[in-house]
1. Quick one: in segment 73-95, of everything that is assigned to a strand (DSSP E or B) and in contact with a Pro (Cβ under 9 Å, 6 or more places away or on another chain), which residue is most open to solvent (accessible area, probe 1.4 Å)?
2. Which is within 16 Å of ligand 2 (Cβ to nearest atom), among the aromatic types (Phe, Trp, Tyr) and out of contact with any Pro (no Cβ under 7 Å at 6 or more places or on another chain), of 69, 52?
3. So, in segment 11-70, of the ones that are assigned to a helix (DSSP H, G or I) and closer than 27 Å to residue 92 by Cα, which residue ends up least open to solvent (accessible area, probe 1.4 Å)?
4. Does residue 120 satisfy the criteria of being of a type in the set (A, V, I, L, M), assigned to a loop (DSSP other than H, G, I, E, B) and farther than 12 Å from residue 23 by Cα?
5. Only one of (1) away from ligand 1 (no atom under 16 Å from the Cβ); (2) on the phi > 0 side of the Ramachandran plot is not met by residue 76, so which one is it?
6. Residues of segment 130-154 being within 14 Å of the chain's Cα centre (by Cα) and closer than 20 Å to residue 38 by Cα, which ones?
7. Find the residue count for segment 96-117, including only residues that are within 16 Å of ligand 2 (Cβ to nearest atom), open to solvent by less than 40 Å² (accessible area, probe 1.4 Å) and either farther than 18 Å from residue 82 by Cα or outside any strand (DSSP E or B) (or both).
8. Can you find, within segment 111-154, the residue that is farthest from residue 66 (Cα to Cα) among those that are free of Cβ contacts under 8 Å to residues at least 60 places away in the same chain and of a type in the set (Val, Ile, Thr)?
Amino acid sequence: MSPMWIVFAALAVLAISQADVTIKLEKYDNPADRLQDGTNCEPFGISKCDPYFILTVRNSFNTSLVSTYTSTHTDDVSSVDFGSFIGFLNPVTAKVPNGTVVDITIVAMDDDPIGEHELIGTFNYFYVAGQTPKRESRVSGTSTVTVLFNTTRF
Ligand SMILES: [Ca+2]
Ligand SMILES: [Ca+2]
């Protein structure tokens, strides 16, 4: 093969190879202890939010669902430093074709023993499989969620 064809073949392999994208929830901060709509998490602010997190990973090319995870909740906290197990293994690993733009949505909910759970915030991120590690914070309502993205194998 000519050098040009070798380069082309290598690029083709790269284009179809699978990547392991890791998504690590690092930090949730809600110092005002409010829901997304600005109201108290509990009536009259008698206690802080009881947050849990729904992580959804999608392939942006065809909007197909890669995976979804729901964490356990923590009672009466203004912030969470996420550990390595939060009801699911953290980080999660998503296997997608290298170069895929991965859409990540995290929904923070207030766990209420009575009535509907309440929305604390919705946080949207994207990460290209194969790119260098990226740490990003997003704000929704009075909350901030920081996530670390990486590709560990491709
Ligand atoms: Ca509540
Ligand atoms: Ca509470």
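The values are calculated or read from the model by the stated rules, or taken from the named source; none is laboratory data. Being a predicted model, the structure only gives us computed values, none of them experimental. Ideal geometry is used to build each Cβ from the backbone, glycine not excepted, and the neighbour counts take in all protein chains shown. Keep in mind that these areas ignore ligands, DNA and RNA; they rest on the heavy atoms of the full protein, side chains included. Shrake-Rupley method; radii C 1.70, N 1.55, O 1.52, S 1.80 Å.
1. In the first step, residues of segment 73-95 are kept if they are assigned to a strand (DSSP E or B); the result is 79-81, 85, 89, 92-95.
Checking the rest, the ones that are also in contact with a Pro (Cβ under 9 Å, 6 or more places away or on another chain) come to 79-80.
Numbers: 79: 48, 80: 22 Å².
Here the answer is 79.
2. On the way: 69 fails: within 16 Å of ligand 2 (Cβ to nearest atom).
Checking each option against the conditions leaves just 52.
3. 15
4. Details: of a type in the set (A, V, I, L, M): yes; assigned to a loop (DSSP other than H, G, I, E, B): no; farther than 12 Å from residue 23 by Cα: yes.
The answer is no for residue 120.
5. That leaves (1) as the condition not met.
6. Scanning segment 130-154 gives 137, 138, 139, 140, 144, 145.
7. 2
8. It comes out as 114.
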